[in-house]
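Note sheet for the following structure.
Derivation of every value follows stated rules applied to the coordinates shown; laboratory data play no part. Keep in mind the model is a prediction, meaning the values are calculated, not measured. Here the Cβ positions follow ideal geometry from the backbone for every residue, glycine too, while neighbour counts run over all protein chains shown.
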Amino acid sequence: MRLLCWLAVLLGSLVVAMPAMADPPRKVLLLYQGPDGHPPQTHEYELGMKLLHKMLEKVPDLETTLVKADEPWKDGPELLAKADGAVLFLSEGAAWLNRDKDRLKAFQELAKRKGGLVVLHWAMGTKDAANIQ
């Protein structure tokens, strides 16, 4: 939980440091998955993201959307197209990204727009090296 608190402070600082013009609020997706087979209370993706969401609600000029990204996540590419950044807290994220070509393309487009990406825990991990590219 300490990591989530520091992440909230970091994201909040970045938003506050941005020029305070009449720009629309930055939109950040908070993506999590359901339980991944680990013992209860060990990999609490949903509870961790709900806590982060609650902390970030207090940050001015930041709009966060909490999204469960379990399969099939068909609305994901559309949500990412509207986001300025995403925070992933899920299991084996590199495999999750590569599991759907539209999802991978949406994250590549986010990167082209210079969107932000934060990965927590094993949200960029993988067991299969083919997912690393």
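Quick notes
- Taking helices (runs of 4 or more DSSP H) as the structural unit, those lying wholly within segment 63-112 and holding at least 2 residues that are touching a Lys or Arg at 6+ places or on another chain (Cβ under 8 Å) and either among the small types (Gly, Ala, Ser) or in contact (Cβ under 8 Å) with a residue 24 or more places away in the chain (or both) correspond to 76-81, 93-98.
- Tally of residues being within 17 Å of Ala123 (Cα to Cα) and over 14 Å from the mean Cα position of the chain (by Cα) across segment 74-103: 4
- The single condition among (1) in contact with a helix residue (DSSP H, G or I) (Cβ under 7 Å, 6 or more places away or on another chain); (2) over 25 Å from His38 (Cβ atoms); (3) of a type in the set (S, T, N, Q) that Gln133 does not meet is (1).
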